[in-house]
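The structure under discussion appears below in the form of structure tokens.
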Amino acid sequence: MRVTVTVHINIQCGALDNGLMLTPPMGWLAWERYRCDIDCENDPKNCISEKLFMDMADRLSEDGWKELGYVYVNIDDCWSSMQRDKDGRLQADPKRFPGGIKKLANYLHERDLKLGIYGDMGTHTCGGYPGTTLDKIELDAQTFADWEVDMFKFDGCYSNSTEQEKGYPLMSKALNATGRPIGYSCSWPAYQGGLPPKVNYTQLGEICNLWRNYGDIEDSWDSVIAIVDWFFENQEVLIPAAGPGRWNDPDMLIIGDFGLSLEQSRSQMALWAIMAAPLFMSNDLRTLSSSARAILQNKMIISINQDPLGIQGQRIVKEKSGIQIFWRPLSKNTSALLFFSRRSDMPYRYKTSLSKLNYTTGSYKVTDVYTYETTVLKDSSEFVVSVNPSGVVMWYVSAPAKLNSRLYFRGGHVQDFANEDNNNDIPYLL
Ligand code: GLA
């Protein structure tokens, strides 16, 4: 069964006017892997402390991550003291962050990295730490700016929808008013069910750089699948909401943790690239396996994720067989195609053609982003892709090769090399 989906793409620029995150932000975020581990006595390597964030900063800057765009190191919940200081300001737990947040920010900036921090619109954070009530918004925004923080995630536990309606736009204003560019991640829509009429995506695009639409990712394939299904079931609402400076956030990458097989890890990376999703890894960069590293550092997939047009991709085919196909238009007349298997038996051989997938007449250069194999395919040629259970085949498809008439007619004969491929080169990042 083929499903045709019409999506209206909203090219107008309605993004938060701070000039940040024109492509989806990339980096590392503590929550999924480290949660609220504050037991530094017994678990010094993994507890939420300045050591953990410095370790991750070292890895990002020394192991080839930051050159690929992974520059944010983001603190999540459970970083603060249980009490504000005597002036009413949030303060880091002095035992776990003896240098304070400002020193950590300096450590990151010295390495050309950026620091993200977490707060909560409400009386308490989801983990029970001090929250930011409406009267504290300006003070907390200024505190983060004083610490030279570069990104702020505003969660929404322990507040009602009226408070959230006031608080999320107010925090946006307060962050801007500090004069420091601070990327703003809003959890607001996730607390409102993620869909209109409760969620106003036009407004979100104007006040936030990214937003969580849906529940928290966990370290399991079931969790990844639940997120993916929700995002593509609701693609007609979500695709127009995204664009440069304003991104839907399906939550962290769990590649390199414990819950995903190799195929599933490849699938998460590919699907997040199709969705133009922020790429925040939540894993242990100190002990990452080489296979996880290869997936997370795949330059072709990263360049698809980071495409400057910033158009979120869509599901174009949902077969009864369990094969689903996704497509994302990219700049320079290129695109990404993703074949995804939801089967659990054996590699499935799926037969189709580019014209069946809505490609116009022409011949295309197709590169498999995981194997780097390249072929040229006419729109009408039938081909077969073999997709592993819970795995993907992802292609970078470049524009129909242009016929260069000068070469074509050289010597009065048709030449083999008339297809001028140079314009269609794969956009490596480096
Ligand atoms: C909520 C958020 C998570 C994380 C936790 C922290 O559940 O959605 O991403 O920040 O709170 O307590």
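The values are calculated or read from the model by the stated rules, or taken from the named source; none is laboratory data. The shown structure was predicted, so the numbers you read here are calculated from the model rather than taken from an experiment. We place every Cβ from the backbone using ideal geometry, glycine too, and count neighbours over all the protein chains shown. All accessible areas refer to the heavy atoms of the entire protein, side chains included, with ligands and DNA or RNA removed. Shrake-Rupley method; radii C 1.70, N 1.55, O 1.52, S 1.80 Å.
At-a-glance table
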item	result
Strands (runs of 3 or more DSSP E) lying entirely in the stretch 321-395 (those with 3 or more residues that are of a type outside the set (D, E, K, R) and touching a residue at least 24 places away in the same chain (Cβ under 8 Å))	323-330, 334-341, 348-353, 363-368, 382-387
Qualifying position, being under 20 Å from L238 (Cα atoms), within 23 Å of the chain's Cα centre (by Cα) and assigned to a helix (DSSP H, G or I), among I304, I295	I304
Residue that is nearest to the ligand (Cβ to nearest atom) [pool: residues in the stretch 87-125 that are of a type in the set (S, T, N, Q) and buried (at least 18 other Cβ atoms within 10 Å of the Cβ)]	T125
Total residues in the stretch 303-319, condition surrounded by fewer than 22 Cβ atoms within 10 Å (Cβ to Cβ), touching a helix residue (DSSP H, G or I) at 6+ places or on another chain (Cβ under 6 Å) and closer than 16 Å to G69 by Cα	0
Single residue of A174, A141 found to be in the same structural domain as V73 (by TED's automatic domain parsing), of a type in the set (G, A, S) and over 14 Å from G88 (Cβ atoms)	A174
Any hit, the stretch 226-233, residues being surrounded by fewer than 21 Cβ atoms within 10 Å (Cβ to Cβ) and within 15 Å of the ligand (Cβ to nearest atom)	yes
Search result, residues across the stretch 139-184 that are of a type in the set (D, E, K, R), open to solvent by 60 Å² or more (accessible area, probe 1.4 Å) and within 15 Å of the ligand (Cβ to nearest atom)	none
Condition met for K136 (assigned by TED's automatic domain parsing to the domain that holds M56 and either away from the ligand (no atom under 16 Å from the Cβ) or more than 23 Å from the chain's Cα centre (by Cα) (or both))	yes
Residue in the stretch 160-170 that is in contact with a helix residue (DSSP H, G or I) (Cβ under 8 Å, 6 or more places away or on another chain), touching a residue at least 60 places away in the same chain (Cβ under 8 Å) and assigned by TED's automatic domain parsing to the domain that holds G100 present	no
Looking only at the stretch 48-80, and only at residues there that are farther than 12 Å from G116 by Cβ and within 16 Å of the ligand (Cβ to nearest atom), the one that is surrounded by the most Cβ atoms within 10 Å (Cβ to Cβ)	I48
Residue in the stretch 132-139 that is closer than 22 Å to C40 by Cα and of a type in the set (A, V, I, L, M, F, W, C) present	no
Neighbours by Cβ (under 7 Å, 6+ apart or cross-chain): first from the stretch 181-196, under 15 Å from C208 (Cα atoms); second part of a loop (DSSP other than H, G, I, E, B) and among the acidic types (D, E)	I182/D150; G183/D150
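Table: residues versus (1) touching a helix residue (DSSP H, G or I) at 6+ places or on another chain (Cβ under 7 Å); (2) at pLDDT 95 or above; (3) not aliphatic (A, V, I, L, M).
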| position | (1), (2), (3) |
| --- | --- |
| I207 | yes, yes, no |
| W211 | yes, yes, yes |
| V224 | yes, yes, no |
| E233 | no, yes, yes |
| W247 | no, yes, yes |
| P250 | yes, yes, yes |
| L253 | yes, yes, no |
| G256 | yes, yes, yes |
| Q268 | yes, yes, yes |
